[in-house]
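Rule-based calculations on the coordinates, nothing more; no lab input. In this text, all values refer to a predicted model and were calculated from it rather than measured experimentally.
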């Protein structure tokens, strides 16, 4: 007895459903980015190139005598490029964000490596310890550092007793020995403490998946533990390093609360400038210009880096 022929899938069969599912999986994130990133960014860009008349902004497209005119006010962008205050503020913000990222990497990588190599039953407890600060208010944690680093604070007294304040003063991180608050040092301490978990968790996720047999193979080939770490572990954890660096660097550039509470006049960052332009000077076009330039300073290098990574991956294939 011959078997019945299988039915041929029609236009509405599994292939079409697969296409629809794939389109939804790809389309929904793009729609999310379009609505919640690109559209607000375009609104801010429109404000940056508009004239402000009271509480209203001038129209970019106007029709006069049957002629459609596009009017873009680029004076704010020229001012940002020429004014030394804005240039120094951008450079200072990028510098503090870069220093915070490097310090978080230096502190977070050993801890993430220890977490990944710890016994399996202890790893959930270590992950919870990393996430524990998120259970309390961000403002409370920053205010706690004001007490710890202020005059008579426990951390301040310890650093002074160890003579580290003189070392920090010689390095230019504090103005004078004994004065730890409202300095670059207090700013970096607050930012590293706040953003360290964002570095540890991606590194742990990457290192926990590392195949231990690769390290055994390196040892069989004569590599020392230190050589195996630098030649095997670190390259294989590059994805976690990049993810952690992005999670730390990007929000640090526009940070406002920590510089305001722990920093001083020497730690003026772009977040404070944005606040002043919006609420003190009430100059929304200028504030929008500062915000657009800040976004471009972050997005453009990241886009170029991702393109370089994609080209390198294709070349290796």
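I'm a student and want to see the number: the projected area of the Cα convex hull of the range 254-300, averaged over all directions, in nm².
Working: hull surface 13.6 nm².
Averaging across all directions leaves 3.4 nm² for the Cα convex hull.
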Hey, could you grab the Kirkwood Rh for the range 17-70? Inverse mean 1/r over distinct alpha carbon pairs, Å, one decimal.
14.2 Å
Can you tell me which of 209, 146, 179 moves the most in a GNM of the chain? Springs connect C-alpha atoms under 10 Å apart.
209
Of 249, 229, 305, the one that fluctuates the most in a GNM where the chain has Cα springs shorter than 10 Å:
305
What does the extension gain come out to for residue 279 and residue 42, with contour length at 0.36 nm per residue minus their alpha carbon separation?
83.2 nm
Full-extension gain between residue 305 and residue 59, please, as 0.36 nm times their residue separation minus the C-alpha to C-alpha distance.
84.9 nm
At q = 0.09, 0.19, 0.21 Å⁻¹, what log₁₀ I(q)/I(0) does a Debye calculation on the Cα points of the range 89-221 give, no solvent, two decimals?
-0.37, -1.13, -1.24
Long-range Cα-Cα pairs in the range 75-316 (distance over 32 Å), rounded percent:
34 percent
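Can you tell me how the range 176-235 classifies by the Cα gyration tensor, rounded, prolate or oblate, using a/c under 1.5 as the rounded cut?
Values: a/c = 6.59, a/b = 2.46, b/c = 2.68.
Verdict is oblate for the range 176-235.
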A chain fully extended from residue 226 to residue 144 at 0.36 nm per residue, minus the present Cα-Cα distance, gains in nm 25.7 nm
Over all directions, what mean area does the Cα convex hull of the range 213-317 project, stated in square nanometres?
10.4 nm²
Listed residues 92, 117, 22, most fluctuating in the chain (Gaussian network, C-alpha, under 10 Å)
22
